[in-house]
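The values are calculated or read from the model by the stated rules, or taken from the named source; none is laboratory data. Please read these numbers as outputs of a predicted model, since none were measured by experiment. FYI the Cβ positions are ideal-geometry reconstructions off the backbone, even for glycines, and counts take in every protein chain you see. Quick note on the areas: whole protein, heavy atoms, side chains included, nothing else; ligands and nucleic acids left out. Shrake-Rupley method; radii C 1.70, N 1.55, O 1.52, S 1.80 Å.
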Amino acid sequence: MTTTTGVMTTATPPPVAPTGQHHGLAVVLFAVIVLVTLGITLWVGRQGNAAEDFYAGGRDFTPLQNGFALSGDYLSAASFLGVAGLIALYGYDGVLYSIGFLVAWLVVLMLVAELVRNAGRYTLADVLALRLRRRRVRAAAGGASVVVTLLYLVAQMVGAGSLVALLLGTDSAQARTWTIIAVGALMIVYVTIGGMRATTWIQIVKAFLLIAGSVLLTVLLVVRFHGDLFALMRQAAQHSGAGHRYLEPGLKYGATFTSRLDFFSLGLALVLGTAGLPHILSRFYTVPTARAARRSTMWAIGLVGGFYLMAIALGLGATALIGSAEVRHANSAGNTAVPLLALVLGGGNGSTGGVVLFALISAIAFATILAVVAGLTLASSAAFAHDIWAGAWRGGPRRRRGGEAAEKPSEQQEVVVARFAAAGIGAVAIVISLYAQQLNVAFLVGLAFAVAASANLPVLLYSLFWSRFTVRGAVWSVYGGLVPAIVLVFFSPVVSGSKVALFPGVDFHWFPLENPGIVSIPLGFLAGWIGTLTSPEPADADRFAELEVRALTGAGAA
């Protein structure tokens, strides 16, 4: 043992290999989490089957409740485990990565929260349809929403398989496969039985557990260093393998101009993408008023901000007490930094406290995955049923054979289709995840944010704030951001041309960046602008005035 400024430190990082005892207790706690969430789903699922209950949870959640649910939707396993892991491995650059997630909420608060709540009903396409009443607008917006949520969903499920297998101490492909199937089956049950009510309560419980677990670990860490955060930083730098460079920018993202540009592109996607994520936007419809939506966002900013401050401390703590080399040895991406830190703070290998704390944090990570995939599945099923099936396919001026007008589907029919869509989308996500579990899927999360920022955000902002915006502009804006984002990623280094690419044996990449946001986001705005200027039909001034009054005052809002 050595002493630095009065703080007892460990000269050599302690052994952190998990044992069977940890795994057994983790399995028990996993089972408890599943039983509790299923109980919530069955209890809430009996309270209402109307469309408003399924899509918006009856609109009777308080701002505090919805703030917890918003933060629960946003703080995925990537946030809980990934951000702390990046800080453990790369120090200052890992902190930079987390800033984009937090700053994004300021964009949501200032630009979209109240306006979306007033102007829409259940989905993003509802906001557009208030002034752009065309089937192809709903089809484009609904399709983009399904793509975004499916990308995010596959990434979460593949991550679930790898994470749970890792926490249970096995590299078995069979364990990962059954984990993906189990998570997929659970998310289908949550959505089809409980809808938005159950999903919201699951998110609230998960957010409470996540924040409580983070507070517990942070308090134990601060006590370990007797409140001396500078000593924590110094010891982290010593055990990082990089010395003082660990506390300075450039360890991960500053090596070349391309890497710096790539980081800027990723940050742009993270900051702007949140305001276009369908499962985040749908949360604003679960509260009764626009004022409640704004207060929900303020609660979410506080909760998310507090969490990321704790994530910084936990990442530094993992490096200080375990060492970057040991963290990387356990998982190359650093995803197990927080559970391993819990093991050390609880007393280390073989101690009862270490076993309990390791298993508890692992179970919270599992609950995080379950809650996020449920929210994503609900958002994608709502986009399919409400926007594509009811709004675009069945809701337009279509006629049956014989000249009779097609009857618009009822809300009950829509909910039935949404439940079947949840099962279908869940099945598709399971199949894709099973094929993708051996691949590097980390880019899917960044791609989901990039697609949301490229396709959803431009059309949303244009619709809310530009009086000349037209139907053609809306359709061009969605596809003008969606298609380039997907194409650029396909021809980027994450798909081919490197050892960690999806297809490492071939090289057909020509786009140098891993995240397309810096190109595809401007293209989405540009396509909407060009489409509007070249549109043969002028914008409807009366409908924009109706949207403006409703968005700003709430008059006529659902």
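Packing, as the average of other Cβ atoms within 10 Å across residues, places the peptides 195-206, 104-115, 299-310, 180-191 in the order 195-206, 180-191, 104-115, 299-310, highest first. Expressed in units of 2.2 N^0.38 Å, where N is the residue count, the Cα radius of gyration of the range 286-336 is 1.77. Given a Förster distance of 25 angstrom, what is the FRET efficiency for F490 paired with L526, based on the Cβ-Cβ distance and rounded to 0.05? With R0 = 25 Å, the Cβ-Cβ based efficiency is 0.75.
Placing a label point 7 Å from the Cα of F465 along the Cα-to-Cβ direction, no residue of the range 256-280 has its backbone N under 11 Å from that point. Ranked by the mean number of other Cβ atoms within 10 Å per residue, highest first, peptides 362-373, 462-473, 541-552 order as 362-373, 462-473, 541-552.
Restricting everything to alpha-carbon atoms, can you work out Rg to Rh for the range 305-395 with a Kirkwood hydrodynamic radius?
We get a ratio of 1.25 for the range 305-395.
Dipole check for the range 37-135: with +1 at the C-beta of Lys and Arg, -1 at the C-beta of Asp and Glu, and the Cα centre as origin, the magnitude is about 520 Debye. Note on the range 70-137: Rg/Rh from Cα positions, Kirkwood definition for Rh, rounded to two decimals, is 1.18. Axis of helix 229-238 versus longest Cα principal axis of the chain: the two differ by about 80°, to the nearest ten degrees. Summing charges over neighbours of A119, with a neighbour being any other residue whose Cβ is under 13 Å away from its Cβ, gives +1 when K and R count +1 and D and E count -1. With protein chains left intact and a 1.4 Å probe, residues in the chain average 39 Å² of accessible area per residue.
For the chain, the longest principal axis of the C-alpha atoms and the axis of helix 195-224 are separated by about 30°. Take the Cα of L533, step 7 Å toward its Cβ, do the same at S332, and the gap between the two points is 4.6 nm.
Across the range 175-279, the fraction of Cα-Cα pairs farther apart than 17 Å, rounded to a whole number, is 77%. Listed by chain and number, the aspartates and glutamates placed with their C-alpha closer than 12 angstrom to that of K499 are D507; residues fewer than eight positions away on the same chain are left out. So what's the angle, to the nearest 10 degrees on a 0 to 90 scale, between helix 135-167 and the longest Cα principal axis of the chain? The helix 135-167 is inclined about 20 degrees to the chain.
Put simply, when 138-150, 30-42, 413-425, 476-488 are sorted by average Cβ atoms within 10 angstrom per residue, most first, you get 138-150, 476-488, 413-425, 30-42. Taking the alpha carbon gyration tensor of the chain, multiplying each eigenvalue by 5 and rooting it gives semi-axes of 41, 26, 22 Å, largest first.
Is the range 417-558 rounded, prolate or oblate when judged by the Cα gyration tensor, a ≥ b ≥ c being the square roots of its eigenvalues, rounded requiring a/c under 1.5 and prolate requiring a/b larger than b/c? Oblate is the answer for the range 417-558, as a/c is 1.5 or above yet b/c matches or exceeds a/b.
For R46 and V27, the difference between the fully extended length at 0.36 nm per residue and the C-alpha to C-alpha distance is 3.9 nm. Across the range 108-243, the volume of the C-alpha convex hull divided among the residues equals 220 Å³ per residue.
Determine one quarter of the surface area of the Cα convex hull of the range 36-98, which equals its mean projected area, and express it in nm² to one decimal.
The number I arrive at for the range 36-98 is 6.0 nm².
Modelled spin-label separation between A325 and S351, with each label point placed 7 Å from Cα along the Cα-to-Cβ direction: 2.3 nm. Taking Cβ atoms as reference points and 14 Å as the exclusive limit, the residues near L547 contribute a net charge of +1, counting Lys and Arg as +1 and Asp and Glu as -1. When only Cα pairs below 8 angstrom with a gap of at least 6 residues are kept, the chain shows a relative contact order of 28 percent. Projecting label points 7 angstrom from Cα along Cα→Cβ for V103 and D542 puts them 4.4 nm apart.
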